[in-house]
Amino acid sequence: MDIGFLSGLQRIIRLKDLEAWDIKFNDKECRIILVDEHRPSTDDDFPWLEDGIGEDRKENHITAYVYSSYDLEEIDEKIFYQIAEHLADHVALAHCNVTVLFKKENDYDVALNGLLRIKGYQEYNVIPLSKFFGFSQD
């Protein structure tokens with residue numbers, strides 16, 4: 001079994017409601033940031049659905065942001081979409097919607113710091129090194 005692809009996955013940070021990964025696959029790279037919204041899904045979580053989510057809204061919502069510094073080809077989007085969904089597979093999906101959103105960003109730390117601030121955390125570069133000695137940085 002070849003598990004060489006695992007070398008292209010690097011978890012950057014893990015918190016109770018946010019997790020960030022740098023992904024390299026087939027000479028492409030992105031940062032995937034999973035955000036547990038701790039709220040039911042809303043129509044705004046699904047901007048591509050004209051009529052909203054309807055009755056499919058669930059008790060919790062997770063947003064997976066896929067940041068890339070360049071325009072991804074359709075096949076690359078499909079691959080990163082599947083990786084993002086897989087990273088969220090550990091939650092009770094019967095009670096949770098997951099949205100995968102693609103965004104272009106040249107500086108992945110800017111994207112991460114923005115989401116950290118929204119969730120009430122300090123910026124990534126000022127988190128004390130001692131927080132990285134354990135499994136989670138909370």
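Note on the chain: dipole from Cβ charges, positive end direction compared against L9, W21, F135; the farthest Cα belongs to F135. The relative contact order of the chain, computed from alpha carbon pairs under 8 Å that lie at least 6 residues apart in sequence, is 22 percent.
Residues whose amide H lies under 5 Å from that of E105, counting only those 5 or more places away or on a different chain, are S68, S69, Y70; hydrogens are built 1.01 Å from N in the peptide plane.
Relative protection proxy for 7-17, 117-127, from highest mean packing down: 7-17, 117-127 (other beta-carbon atoms within 10 angstrom). Within straight-line reach of K24, meaning a Cα separation under 18 Å, sit the following lysines at least 8 residues removed in sequence or on another chain: K78, K103, K104.
For the chain, modelled as a GNM whose springs connect Cα atoms under 10 angstrom apart, the maximal fluctuation among L112, L34, L87 occurs at L87. By the Cα gyration tensor, segment 15-122 has an equivalent ellipsoid whose semi-axes, rounded to whole angstrom, run 22, 17, 13 from largest to smallest.
Which percent, to the nearest 5, of DSSP beta bridges fully inside the chain are antiparallel?
Roughly 70 percent of the DSSP beta bridges within the chain come out antiparallel.
Note on C30, C96: ascending count of other Cβ atoms within 10 Å places them as C96, C30, the fewest first.
Rule-based calculations on the coordinates, nothing more; no lab input. Owing to the predicted nature of the structure, the values given are computational and were not obtained by experimental measurement. Neighbour counts run over all protein chains shown; Cβ positions are idealised from the backbone, glycine included.
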